[in-house]
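The values are calculated or read from the model by the stated rules, or taken from the named source; none is laboratory data. As the structure is a prediction and not an experimental result, all values here were calculated from the model. As a convention, Cβ positions derive from the backbone with ideal geometry for all residues, glycine included, and neighbour counts pool all protein chains shown. Protein only, heavy atoms only, side chains kept; ligands, DNA and RNA dropped before computing areas. Shrake-Rupley method; radii C 1.70, N 1.55, O 1.52, S 1.80 Å.
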Amino acid sequence: MKKMSVCFGILGSCVVALAGGAAYAYLGPTDASQAQRVPPIRFRNVAAEAGIDFVLENSATPEKQLIETMPGGVVAFDYDGDGRIDIFFTNGAGLPSLEKNQPKFRNRLYRNIGGMKFRDVTEEAGLAGTGYSMGAAAGDFDNDGRPDLFVAGVNANRLYRNLGDGKFVDVTRRAGIRDDVWSITGGWFDFDGDGKLDLFVVNYLKWSIANTLFCGDPNGARAYCHPKLFDGLPNTLYRNRGDGTFEDVSLTAGVAQQTGKGMSVAFADYDVDGRPDVYVTNDKIPSFLFHNLGQGRFEEVALESGAALPDHGKEISAMGVDFRDYDNDGLPDIAVAALAGETFPLFRNVGKGLFRDAAYVSRMGQLTNRRSGWSPLLVDLNNDGWKDLFVSGSHVNDTVESFEATPYRSPSAVFANAGDGTFRDSSADAGPDFQVPGVHRGAAFADFNGDGKLDVVVSLIGGRAELWQNDSPAGNTWIDVKLTGVRSNRDGIGARVQVANQRNQMTSNAGYASSSLVPVHFGLGKATQVDVEVLWPSGTRQTLRGVRTNQVLAVREPEK
């Protein structure tokens, strides 16, 4: 449906006119009735009773090495195929050795044993890891029906193949994956449409123990260095050859020509041309939008598309990202987390390859100006049919309180989607557990207990991970679409799914350095049955009509 929009001032409202004359308003910040319209969102931290005892160890030193403030990612995926979503955490290492020389530095895998209970299976799975780990991403790169795992780190990238017997094997060298730079995370997508998942690796800075700088005040008090003091790195694109190995095509694809300071990555077909595009957040430089031209080529178009910087034109600390349709117009939008004073950018996809900074018309600018966040997740938490925004909270600099009125530790935040293009801050009403401050980093989502409501798991530097059970009131219906590709990649990553008036895409990348390889979730309000349409990466369109709600719907791609 075609539309045009007219906005009135940075703090005013926007009216979006739909073809045929209908219109709806993007309401400004003074809509007093909004709180009554939005179903509540409630959380309860059940990590202790669930058996999640992971603590993110960053190996903090008096020298304040920059890597100490950058971990760590979280992955939600069903590694053993039992229908229950498991949890993987990345972890740090000793300094200056950059080795996991104590048990507390192990990466950790927790198996979901049902009833919101988990068991640590790290050792038997072979995922304790090596080196100083950062982020991770799950995806079935060999199409054998078992999700594999890429773990990024400081000169320590690792690719683990899932053997299917509860164990993983390190295939990094055989696969041809480099591990000689500081990578923050990676992401799986099929950029060339050949039915095999390719790997995009997000690289950060040229940093090493040997080039440690002194940053702080003249009296000797140290602080973490600003990224501007280090050279950036190009990202890396690996094409899956289909024989267990990957080819570095960064240069020929047009990715290596862009030097960034990458933090996170998300994928979506923003211009609806049938090819997945790539958004990379950069730290204190403009972010990247790699437009997929086909024939194995990308062009970087963030500035001309309007998605590189907020409207004020200032470079921000762009942390994590999610790339989904928040306003149900069928076009994927971009939500980014940043630091206090920068706001959390929200780039609304207005079609024709263009984005508009909707931070203030959506109220996110006003709501986040004093917040710091890392891992944004655009997911429907109250099942009302509109994607809400969860953001893990904390500043990056543990000395920030000494020079500005900004807290280092903070609670996470949840912003409820009002369904009119605006959000409201529901954090204060999310439950007493939710108000506890911490040094939050990565976050992933899944329905861990099978009740139809999405839960969230968050890592904390120096603190026990939080497992947020979604205790929002029941009543709204839902459907989870679990895809199995045949001509497309096995996970169905890149498929576009439409249920009623909503569209979402199958992806495993969302947040900061984190991954959620889970069925595509739709909240459906009071609907009892819906039509489901899947546009597979192969181009096959599949429609299922009159599907009952409140179920996990398994959809297998047709052979032809």
Given R₀ = 56 Å, what would the calculated FRET efficiency be for residue 63 paired with residue 501, taking r from the Cβ atoms and rounding to 0.05? 0.55
Per 0.36 nm of contour for each residue apart, how much would the distance between residue 297 and residue 101 grow if the chain were fully extended, relative to their Cα-Cα spacing? 66.4 nm
Per the C-alpha gyration tensor (a ≥ b ≥ c, the square roots of its eigenvalues), the range 93-216 is rounded if a/c is under 1.5, else prolate if a/b beats b/c, else oblate; here it's oblate
Rg (Å, one decimal) plus Dmax (Å, integer) for the alpha carbons of the range 399-536? 17.6, 57
Please work out how much length the chain gains when fully extended from residue 37 to residue 209, using 0.36 nm per residue of separation minus the C-alpha to C-alpha distance, in nm with one decimal. 56.6 nm
Please compute the modelled spin-label separation between residue 243 and residue 284, points set 7 Å along Cα→Cβ, answer in nm with one decimal. 4.5 nm
Rounded to the nearest 0.05, what FRET efficiency is calculated for residue 252 and residue 435 with R0 set to 41 Å and r the Cβ-Cβ distance? 0.25
Could the peptides 210-218, 125-133 be put in order, highest first, of the mean number of other beta-carbon atoms found within 10 Å of their residues? 125-133, 210-218
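Work out how much length residue 560 to residue 128 would gain on full extension: take 0.36 nm times their residue separation and subtract the Cα-Cα distance, in nm to one decimal.
151.4 nm is the gain from fully extending residue 560 to residue 128.
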How do the peptides 396-404, 330-338 rank, highest first, by the average count of neighbouring beta carbon atoms within 10 Å per residue? 330-338, 396-404
Please calculate how many Å² of accessible area the chain carries per residue, with a 1.4 Å probe and no DNA, RNA or ligand atoms counted. 36 Å²
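Quick check on the range 254-326: take the gyration tensor over C-alpha atoms, sort the square-rooted eigenvalues as a ≥ b ≥ c, and tell me if it's rounded (a/c under 1.5), prolate or oblate.
Prolate, because a/c is 1.5 or more and a/b exceeds b/c.
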Checked against the positive end of the charge dipole of the chain (+1 on Cβ of Lys and Arg, -1 on Cβ of Asp and Glu, about the Cα centre), the farthest of 538, 317, 185 is 538
Ordering of 73-84, 98-109, 538-549 by packing [mean C-beta count within 10 Å, highest first]: 73-84, 98-109, 538-549
In the full protein assembly as shown, how much of residue 559 is accessible to a 1.4 Å probe, in Å² to the nearest 10? 120 Å²
Please give every one of the lysines within straight-line cross-link reach of residue 526, meaning a C-alpha to C-alpha distance under 22 Å, and leave out same-chain neighbours fewer than 8 residues apart. 387, 453, 482
Read through the labelled values (i) 80, 48, 44; (ii) 64, 55, 50; (iii) 99, 83, 48 and report the label of the one computed as Cα extents along the principal axes in Å from the structure. (ii)
If you average the C-alpha positions of the range 284-324 and of the range 537-560 separately, how far apart do those two centres end up, in angstrom? 32 Å
Those aspartates and glutamates that a straight Cα-Cα span of less than 15 Å connects to residue 352, excepting residues fewer than 8 apart in one chain: 269, 271, 273, 277, 304, 329, 333
Heavy atoms only, probe 1.4 angstrom, no DNA, RNA or ligands counted: give me 440, 291 ranked by accessible area, highest first. 291, 440
How would the range 283-366 be classified by its alpha-carbon gyration tensor: rounded, prolate or oblate, with rounded meaning a/c under 1.5 and the a/b versus b/c comparison settling the rest? oblate
What helix-only [θ] at 222 nm does the chain give? Using -39500 (n - 2.57) per DSSP H run of at least 4, over all residues, to the nearest 500, the answer is -1000 deg cm²/dmol
